[in-house]
Amino acid sequence: LARALCFRSARPRTDTMRAAVLVQLPRPARLARPIAACPALTAPAVLCVAVHAPATAAASRRDFAAAAVAASDRGRRQPLLANYEGRVAAGLCRHSAAQVPCLERLQQLLAEFRASRSATGKTPRGVYIYGDPGAGKTMMMDMFHQAVCESGLPSRRAHFHDFMLDMNRELHRIRREVGGIQDPLAKVAQNFVKESPLLCFDECHVLNVGDALLMRSFFERLFEAGGIVVATSNLAPDELYSSGINREVFQPFIDAMMAHCDPIRLSVGEDFRKSRSASLAAASGERTFFWPPGPEADRRLRSTLATLLGEASGELPVPTAGDIRVPMGRMLPCRRMWVDSHVRAAEFSYDELCTRPVGTYDYIALAENFDVLVLTGVPRFASTDENAARRFASLVDILYDRHKRLLCTIEAPPHELFAAIREQYSGGAEDIDEPRAQVRMPTFGGSSGKHVAQFRLPHTVHYTEHGGYNVSGADSEQPSLRPQMEEQDGGWVEWSATGLKDASMFDLTCHTKAQQHDRLLPLLRCESRLEEMSYLHGQTSA
């Protein structure tokens, strides 16, 4: 009954929804949770359930009032735990004992942050939550962010992609308005802290050296300016950027995070998104991903899209074409979009969004302008399709974070899309401390007379018979198939002199199990999300 009442109350919040809901049950009734906070109501509204009928009406009113006051007071003192219990009671999530210590630490941080707002308050330590995909990290961070905002305190919540965009926008603005200054990132960090000293940073994961350098510099200055960080990640702080070039340049970020945040490992032993997918399949099984490709998959996609657009006839309206404004001054053309309904939708082919030179800024623009995205022709990714697969994963990240619907025709079920790439990263050497690949820009010109990148790899690089390459230990007996290169200056060689076909410096730094896992994580996270998003009722706002 309590769960049913919570569901009935799950509607847009209004200022009038502040009264206590009182339910009286007959004496034999028993409830596991007699009093639970109702997440659909604003504080101090609570759901109070009496286990038995009091003897008199006056006693009934007194008992109900006392229960309401007690639950309301508890909700004010521990809003995170009360919200969590309410979500569990409403069936919005499952209780996990592993999540409770994390919520308690976030509850403590909320109290410390409130106290720090006084003139003499001390800046509290932040929290770094890490664990496997689908463990509930983002859910708890969002609950914390909501509790902070409802307390009247400032909080900035940003997914990794949105954070990088915000940081680059602010850098661009400062350079345009102020001109060249010695440390523009320090000014960016100060502006962030001035707007909100608390940053809730979702999905901290770094794969390229450009992001690594920006994040290191920004977060060092953010902490210096008094910033507080609550971050989520699939990796422990000291495991970040393990597959990156020149990882030592990123080490100050790790040191700063450890100095200012308490790491909390979330180990629940279950991917809740995949578990929810199983329950959705058992309940209705209505899909938004359709395979195998063909006329039937196209027909089902069109029918589902027409339903989402509110077309009772089941027929799609005539689409229009137009350009979508992308952050930082570009335009993205769209051949088919529906913008006259209360639900806005756009359609693209897989090639248009994943194989062409587009990226996260384009995907953010799509998420800001449309409620539904239709993507046709998603293939089963081959091991050579890694760039396109990573673009697809970034698109899914952004749509999932913003609770947008994805409709697509795909070549295989979601859990099979990345099978070839998973297999490519299934090997790897044991994770031991050993020299890493390094890259540098020398101060003198290269053989062409220009400044060129040089690299040094603690392994031997070999050509394969098909013109590709592989790496092996320096003591390997495998003969090198590439032309011999003079290893001068301590083994540093010009990148242009390697003669490696289709090789990248990043590829040559990824050979241990930890490095391969680091690189594979975005695709594993995407696979977890696709399982949930592939159901019609799995893409509703949380």
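Of everything listed in (1) over 21 Å from the mean Cα position of the chain (by Cα); (2) open to solvent by 10 Å² or more (accessible area, probe 1.4 Å), the single unmet condition for Ile410 is (2).
Determine whether Glu177 is of a type in the set (Asp, Glu), at pLDDT below 95 and either more than 30 Å from Glu85 (Cβ to Cβ) or touching a helix residue (DSSP H, G or I) at 6+ places or on another chain (Cβ under 8 Å) (or both). Answer is yes for this residue. Within region 312-361, can you find the residues that are open to solvent by 70 Å² or more (accessible area, probe 1.4 Å) and in a strand (DSSP E or B)? Scanning region 312-361 gives Ala321, Asp323, Arg325, Arg330, Met331, Pro333, Arg335. The residues of region 152-164 that are under 15 Å from Pro197 (Cα atoms) and in contact with a helix residue (DSSP H, G or I) (Cβ under 8 Å, 6 or more places away or on another chain), listed by number, are Leu153, Pro154, Ser155, Arg156, Arg157, Ala158.
On the basis of being charged (D, E, K, R), surrounded by 14 or more Cβ atoms within 10 Å (Cβ to Cβ) and more than 26 Å from Ala393 (Cα to Cα), does Arg221 make the cut? So Arg221 passes the test.
Here Gly269, Gly226 are screened, and the one residue that is modelled with pLDDT of 95 or more, surrounded by fewer than 18 Cβ atoms within 10 Å (Cβ to Cβ) and of a type outside the set (D, E, K, R) is Gly226. A Cβ distance below 6 Å, combined with a sequence gap of six or more or placement on separate chains, defines the contacts here; from region 65-90, residues that are open to solvent by less than 20 Å² (accessible area, probe 1.4 Å) reach residues that are among the polar types (S, T, N, Q) and modelled with pLDDT of 65 or more in the pairs Leu80/Gln107.
Taking region 177-201 only, how many residues are assigned to a helix (DSSP H, G or I), closer than 30 Å to Leu106 by Cα and either in contact with a His (Cβ under 9 Å, 6 or more places away or on another chain) or open to solvent by less than 90 Å² (accessible area, probe 1.4 Å) (or both)?
Residues that pass the stated criteria total 8.
Scanning region 251-266 for residues that are open to solvent by 60 Å² or more (accessible area, probe 1.4 Å) and of a type in the set (D, E, K, R), we see that the one that is farthest from Gly91 (Cα to Cα) is Asp255. Candidates Leu214, Leu235: the one that is open to solvent by less than 60 Å² (accessible area, probe 1.4 Å) and assigned to a loop (DSSP other than H, G, I, E, B) is Leu235. Looking at region 154-176, is at least one residue charged (D, E, K, R), crowded, with 20+ Cβ neighbours inside 10 Å and not in a helix (DSSP H, G or I)? Yes, that holds for at least one residue.
Just one of (1) over 30 Å from Ser196 (Cα atoms); (2) open to solvent by less than 20 Å² (accessible area, probe 1.4 Å) trips up Pro293, so point out which. That leaves (2) as the condition not met.
Might you check whether a residue that is without any contact (Cβ under 8 Å) to a residue 24 or more places away in the chain and open to solvent by 20 Å² or more (accessible area, probe 1.4 Å) occurs anywhere in region 414-422? For region 414-422, residues without any contact (Cβ under 8 Å) to a residue 24 or more places away in the chain and open to solvent by 20 Å² or more (accessible area, probe 1.4 Å): absent. Candidates are the residues of region 244-288 that are part of a strand (DSSP E or B) and farther than 17 Å from Ile228 by Cα; the one that is farthest from the chain's Cα centre (by Cα) is Arg287. Entry remark, region 103-150: residues being open to solvent by less than 50 Å² (accessible area, probe 1.4 Å) and polar (S, T, N, Q) number 3 in total. Criterion applied to Gly75, Gly91, Gly121 was being touching a Lys or Arg at 6+ places or on another chain (Cβ under 8 Å) and at pLDDT below 95, and the one residue passing it is Gly91.
The values are calculated or read from the model by the stated rules, or taken from the named source; none is laboratory data. What you see is a predicted model, and the numbers here were worked out from it, not measured in a lab. Reconstructed Cβ throughout: ideal geometry from the backbone, glycine too, with neighbour counts over all protein chains shown. Just so you know, the surface numbers come from the protein's heavy atoms only, side chains and all, with ligands and any DNA or RNA stripped out. Shrake-Rupley method; radii C 1.70, N 1.55, O 1.52, S 1.80 Å.
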